[in-house]
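Contents: one structure, followed by commentary.
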Amino acid sequence: MKKWMFILLVGLLSSCLDDNDDDYLYHAHHNSVILLQVNYTDFVFEGGIELFLHSEFNESEEIPISVDYDPPGDFGNISLYYEPKEELLFDGSIVWAGKGKRKFPEYIYAPGKFLELDTRIDTPVDDKFQIIFPEEGVDYPLESIWNSINNLSIVKRYLKSGKKIGIFRYTPSVGVGDPNEWDWYVIMNTVP
């Protein structure tokens, strides 16, 4: 009896298999963005993540990012979107006299997960950088930020797109905020 049940079960399961791949929906990704997190005060690379997007690759020199900013009375938020489809790239809360947190991406890969180059990449000219959500009175130490990620293989690959390099300052604590809790994000865009 067990033998017949086994044969019946194998027959049933094999009849469910379909070798026609044309019937399956595949998501094609024609665009990708890398977010690399750098410590705000000592410029140590803390990790990053590559996001694959459904939006078509934009041929302009700048990365098409829109910002949704809700200033903190007590609690605020900042979100970055890739246009035109408003695909979320970053979302983080901001707390007055407290500490917010990055909500998206939920996780990033540790620095050890990124392949390193034998030779560092020279710092691009300042015109190749795009400040995302520029703030008055903020110094953007482009060379120091760049030097923290200029030995990564993925950076070399993304540079080939010719796009500007996005720099974003995330401050989860404001008011009496602690710069040791803040981060820089390097954002790059290419065709995967």
Among residues of region 107-136 being surrounded by fewer than 10 Cβ atoms within 10 Å (Cβ to Cβ) and within 15 Å of Tyr170 (Cα to Cα), the residue farthest from the chain's Cα centre (by Cα) is Glu136
Flagged in region 42-64 as closer than 18 Å to Leu80 by Cα and touching a strand residue (DSSP E or B) at 6+ places or on another chain (Cβ under 6 Å), in numbering order, are Gly48, Ile49, Glu50, Leu51, Phe52, Leu53, Ser55, Phe57, Glu62, Ile63
Would you mind stating whether Glu56 is among the charged types (D, E, K, R), without any contact (Cβ under 8 Å) to a residue 12 or more places away in the chain, farther than 22 Å from Asn151 by Cβ and loosely packed, with under 15 Cβ neighbours inside 10 Å?
-> no
Of the residues in region 138-186 that are in a helix (DSSP H, G or I) and acidic (Asp, Glu), the one that is surrounded by the fewest Cβ atoms within 10 Å (Cβ to Cβ) is Glu143
So Ala97, is it exposed (fewer than 12 other Cβ atoms within 10 Å of the Cβ) and at pLDDT below 95: yes
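Kindly indicate the residue of region 41-85 that is assigned to a loop (DSSP other than H, G, I, E, B) and among the hydrophobic types (A, V, I, L, M, F, W, C) and also modelled with the lowest pLDDT among those meeting that condition.
So in region 41-85, the residues assigned to a loop (DSSP other than H, G, I, E, B) come out as 41-44, 54-64, 71-74, 83-85.
Narrowing the set further to residues that are among the hydrophobic types (A, V, I, L, M, F, W, C) leaves 43-44, 57, 63.
Details: Phe43: 99, Val44: 99, Phe57: 89, Ile63: 97.
Ranking the candidates gives Phe57 first.
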*asked:* Take Ile131 and tell me if it is under 17 Å from Asn189 (Cα atoms), outside any strand (DSSP E or B) and aliphatic (A, V, I, L, M).
replied: no
When region 162-192 is checked residue by residue, the ones that are modelled with pLDDT under 95 and under 16 Å from the mean Cα position of the chain (by Cα) are Thr190, Val191, Pro192
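The values are calculated or read from the model by the stated rules, or taken from the named source; none is laboratory data. Quick caveat: nothing in here was measured; it's all calculated off a predicted structure. Cβ atoms come from the backbone with ideal geometry, glycine included; neighbour counts cover every protein chain shown.
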